[in-house]
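Read through the structure below, which is laid out as structure tokens, and then see the notes.
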Amino acid sequence: MNSNKLIRFDWAMKTILRNKANFDILEGFLSALLEDDEIKVLNILESESNQITEIDKYNRVDLLIEDKDKRKIYIEIQNTRETDYLQSLLYATSKIIVDHQKLGDDFRNISKVISISIMYFNLGIGDDYIYHGTNEFVGLNTGTKLIVKKQEKLKDSIEPKYKFVETNIFPEYYLITVEGYPNIIKKKIDEWIYMFKNNEIAEGSNSKNIAQAKQKLSEINMDDKERKIYEKYIINTVRDRDALNTAKEEGLKEGLKEGEIKGELKAKIEVTKNLLVNGVPIEIIVKSTGLSEEEIDKLK
């Protein structure tokens, strides 16, 4: 066994990273991505998408963090492919905002949400491996960005004094395409993406808490039961990916539009059969594949 080999980060987020003792790994990753070494994970939030099951690959982790400015920010981390992926991102961020906005509460207290996707698949066509997006207002005539500011009280002032600071309450999105990363380390976040892609720490890595990741995510720490579950997860992941790729290739041979439809349907059927064999609840399969309960029942 290779003592340097690490478990996949998506599996780690489903298991050991939910333990408060391992929040330091999440803090290291978020600090590198957001370029804030004072990031602190306060809590992992419970949600219907945070259920832990043996082959629950349709998973996200919701975190409450505090940044260097003492702001409380909700972080949503997704790491698996779903049907209509961008729509699922929008739904998830919107749900976090609504769930944490008390009825009748002032809108100034609305939650700031950052969505982070660690993707082991291609979402689109691009020449980068990290993408960041947020809502901006741009002048139709001038093309310049509207700078929105809010009044903020100075903390160290005895008398009430205020300053105006730039604000953006809209959700922010980070898309990390793991397979598109070229294994070249130029900045701190690259050390983490190298780990996501290669399941090991690059030589010379020194970003915050990455040494803890090397220690705590080592495969050698797994007992026999954990290793068997993990191996089954890897096999299912590879099988599902192959089914999707095969279906797409066959779909292309049958024609562009028609072939794409048939290919996508065949991929959904193959994935559904695999999920049924492994005991995934029907409601999760419906949400993840887009097939109806009646269609899924026919595949049993």
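The values are calculated or read from the model by the stated rules, or taken from the named source; none is laboratory data. Predicted model only: the values in this text are computed from it and were never measured. Neighbour counts are summed over all protein chains in view; Cβ atoms, including those assigned to glycine, are modelled from backbone coordinates with ideal geometry. SASA here: full protein model, heavy atoms, side chains in, ligands and nucleic acids out. Shrake-Rupley method; radii C 1.70, N 1.55, O 1.52, S 1.80 Å.
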#### Entry: Relative packing of peptides 14-21, 199-206 - highest average C-beta neighbours within 10 Å first
14-21, 199-206
### Summary
Scoring only Lys, Arg, Asp and Glu (+1, +1, -1, -1) among other residues with Cβ under 10 Å from the Cβ of Leu6 yields +2
#### Entry: Per-peptide average of other Cβ atoms within 10 Å, ordering 169-179, 117-127 highest first
169-179, 117-127
### Query
Which of the pairs Lys95/Lys266; Lys40/Lys149; Lys68/Lys232; Lys5/Lys232; Lys197/Lys228; Lys228/Lys268 have their Cα atoms more than 29 Å apart in this structure?
Lys95/Lys266; Lys68/Lys232
### Task
Sticking with the crude label model, points 7 Å out along Cα→Cβ, report the distance from Thr144 to Leu265 in nm, one decimal please.
5.4 nm
### Message
Within 10 Å of each candidate Cβ there may be at most 13 other Cβ atoms; applying that plus a DSSP loop requirement, which trypsin sites (Lys or Arg not before Pro) in the stretch 174-218 survive?
### Response
Lys186, Lys187
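By average Cβ neighbour count within 10 Å, what is the ranking of 189-196, 106-113, 29-36 from highest down?
Those peptides, ordered most packed to least, come out 189-196, 29-36, 106-113.
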### Query
Which whole-number value in Å² is the accessible area per residue of the stretch 82-133, probe 1.4 Å?
62 Å²
